[in-house]
Structure formats: C-alpha cells, structure tokens
Amino acid sequence: MTRTILVTGGAGYIGSHTSVLLLQRGFDIVIADDLSNSSLRAVETIEVLGDRRVAFEEVDLTDQAAVAGVFDRHPIEGVIHFAGVKAVGESVQEPLRYYRTNLTSAMNLLDEMAAHEVWDLVFSSSATVYGDPEMLPIDESAPTRPTNPYGRTKLMIEDICRDVARADRRWRINLLRYFNPIGAHSSGDLGEDPRGIPNNLVPFVMQVAVGRRQQVEVFGNDWDTPDGTGVRDYIHVLDLAEGHLAALDHLETGCDELNLGTGHGASVFEVIKTTENVSGKAIPFEVVDRRAGDIACSLAEVSKANRRLDWRADRNLEVMLSDAWRWQSKHPEGYGD
Ligand code: WQD
C-alpha cells in the first residue's frame, strides 16, 4: 500500500525538492500551498522529475476548515510541514502577521492531524532558533534564544510540538533545524526563486552572476572570522531533502530536534569566489555596513542527525554553487511568474 504524505509548502524551495524525492521513493503526495511565495510551475516540474502525478490543493492553512477539507479528501498518513512566512527582516517589520500565519497554520495542522488519526510529523524548523551562539559548533542542547519574530515562531511551534507529544503518546515528531540551505536540483529545472530582492546571499550572488543585479553588498568584513566576512554552514537542498526522507523513516514516539547541516563553514568571500569559478562570471561586490541582527559565524554539530537518521550531507560548496548556477543560468527569471 503506497503511503500518502501531505507536503505543506510543497511548491516552495525546500518543499519542492523534497516532493520530487518522495515521488522517486514511491510515495504518493498531496501538496498544500497558498502560492503566496511559490509557483505552480514548480508543481509541474515536480511531476516531471518525479515521474508521477501530484494532488495539489491551493489552501491557506490559517483557515482550519480548509485544512480539514484536505484531510477529508486524501488518505494522508504522514505530514511534512514546510509552509510559512520566513523572511527574517520582514518578520521584524510585521511581527503580528508572522505570529498569526506561522502559529495558526501549525495549530490548525496539528488539530486536523489528530482529528484524522495522523500522528507522523516532520517539521521544518531552523537554526535561527539558536540566535547568537555562545559555542561553536552548535549542538541541539545549545540555548535557544532567537533574535527575531521569525525565529521565535519556529521555536514556539517546536514547543507546541513537544507539549502535544507529551500529552498524547501517539505522536511521532521530528523537528529539523536547517542551517543555510542553498543549491538546486541537478537538472537545473527546480531551484530557489525568491520574490523581489533576495534576502539571502546565494540567490543574490546568482542574480548578479546572471546579470539581473549589479553587485553584491557584503555586510561587513570586520567580523571575527578568517577573512573578516560572515561564515555559515551551507547545506545542499538535495542533502536537505534526503534528510527529510530519513526523518520520516526514523520517526519514534515523542518529539525530537535535529540539526541538518554539514559541520563545515564558508565565508561570504568564499561563496563569491567559488561562484566566479563555477560560473566563469565576475561577481562585483562592495563591502558595506553590517546588517542588523547578523552574527559572525554559524556552524552545525551534526553527529546526532548522522546517528539518529543514518543520514549525512555529502555535497560540498562547489557542487552546491554549481547546481545553483545551472538553475539560475537556465532560468534567469526563475519560474517567471
Ligand atoms: C549569509 C551570510 C550575511 C546577503 C538566514 C536567515 C533565514 C534562514 C536562512 C530559514 C551572512 C551575508 C547576505 C547579502 C551578505 N532561513 N550576506 N550580503 O543570515 O545566515 O540566515 O538563513 O530559516 O533566511 O536566518 O543567511 O544568506 O541572509 O546570509 O553579505 O546580500 O551572507 O551577512 O554572513 P543568514 P543569509
């Protein structure tokens, strides 16, 4: 009997790459997405790459009746929850929208899962729950002190999941704390397509490489790092997708939090230099002031996920940026809508 998995936000960046892998591993999937920051073109591409049809539901998860309808119409046996608003800077400007959207969606989902006897959940959390780390690398026991409303919604949803799992032992939940997802599907036909001006480094660098933007603004080169620019633990979106399948396969009673990263750091200058190497394009940049809320370095301690999920990220920075460039150069305007 084929297992049916609900993928909320499955038309988005990480959700779409995970959806392809689910199809390739023989799952049936239902994608629920409000298309506020994603494209139906991604769903079409998922079906091509996964060689299997997808049930698509355009739905606002803050509408509980709409969420109930999705469960009524499909034999869902597990859920991977990606959907949510996720721009750190925007969350500082619009905190109420972030709390209402992310928390209401998550509670509606948990309510309707329980109402339909669905107890298996993988949740897209984030390393932003750690805030500015005291120690590096960061393991799952590190203090969680998010410094923005976006990160606080992720931690609050984690806490809700932990409490729900304590109250009813039928729940099996894995909370995945991503570090910095980058890259694209190796076909070059699925990738990151942020609306407007990209907040994150790699999509911005790729848009400079393809000629959509003039130069990269480097947010400070006076950080306490080897070359003075910010260091992050970048992880290939395909490694991340494999981590979600592993998390689904290794669910246990209760609720567990797991870091998904590589354990290796790369600086802004290294990302720019490597992108020049893989694209053959010059990437002009200008060093400007630090961005509010930024930290010098973020690095994952990943042994728990390696052990518990029998999973390890193994694509290096050059592969990540080469795959990101293939997507950007094949689709300079992304999905185009
Ligand atoms: C990386 C490095 C910047 C842009 C994000 C957010 C959140 C999370 C993913 C979901 C930093 C520098 C960036 C630019 C730059 N997503 N930079 N110029 O800030 O580590 O965190 O991670 O949870 O979106 O928490 O990622 O890509 O924005 O920045 O110099 O135009 O690049 O200072 O050192 P970040 P990022």
What GluC sites (Glu not before Pro) does segment 182-290 have in DSSP loop regions with at most 16 other beta carbons within 10 Å?
Glu252
0 to 90° range, to nearest 10: angle between helix 237-249 axis and the chain longest Cα axis:
20
Let me know the Kirkwood hydrodynamic radius for segment 239-337, please, with Cα pairs as the basis and the value in Å to one decimal.
16.4
Between their Cα atoms, which of Lys281/Lys330; Lys273/Lys330; Lys86/Lys273 are more than 25 Å away from each other?
Lys86/Lys273
Between segment 108-131 and segment 19-33, the Cα center-to-center distance that results, in Å:
18
Which number do you get for Rg(Cα) / (2.2 N^0.38 Å) in the chain?
0.95
Tally the DSSP beta bridges in the chain and give the antiparallel ones as a percent, rounded to 5.
5
Restricting attention to segment 256-337, which trypsin sites (Lys or Arg not before Pro) occupy a DSSP loop and are surrounded by at most 11 other Cβ atoms within 10 Å?
none
Across the alpha-carbon set of segment 49-164, Rg over Rh with Rh taken as the Kirkwood radius works out to 1.02
Between 0 and 90°, nearest 10: helix 95-115 axis offset from the chain longest Cα axis:
30
Debye intensity ratio in log₁₀ form over the Cα atoms of segment 169-315, taken at each q of 0.08, 0.16, 0.18 Å⁻¹
-0.27, -0.93, -1.10
So what are segment 133-245's ellipsoid semi-axes, whole angstrom, largest first, if each one is the square root of 5 times an eigenvalue of the alpha-carbon gyration tensor?
31, 21, 14
Enter the angle in degrees (range 0 to 90, nearest 10) between the Cα long axis of helix 268-279 and the first principal axis of the Cα atoms of the chain, meaning the one along which they spread out most.
90
In whole µm²/s, the translational diffusion coefficient that Stokes-Einstein assigns to segment 263-317, given a Kirkwood hydrodynamic radius over C-alpha pairs, 37 °C and 0.692 mPa s, equals 232
Starting with the fewest neighbours, write out Met107, Met113, Met135 ranked by other beta-carbon atoms found within 10 Å of each beta-carbon.
Met135, Met107, Met113
P(r) of segment 167-209 over all Cα-Cα pairs, 5 Å bins starting at 0, rounded to whole percent, reads 5, 16, 19, 18, 12, 8, 6, 8, 5, 2, 0
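We did not get these values from a lab; they are worked out from the coordinates using the rules stated. What you are looking at is a predicted structure, and each value in this text was computed from that prediction instead of being measured. Cβ coordinates were reconstructed from backbone atoms using ideal geometry, including for glycine residues, and neighbour counts include every protein chain displayed.
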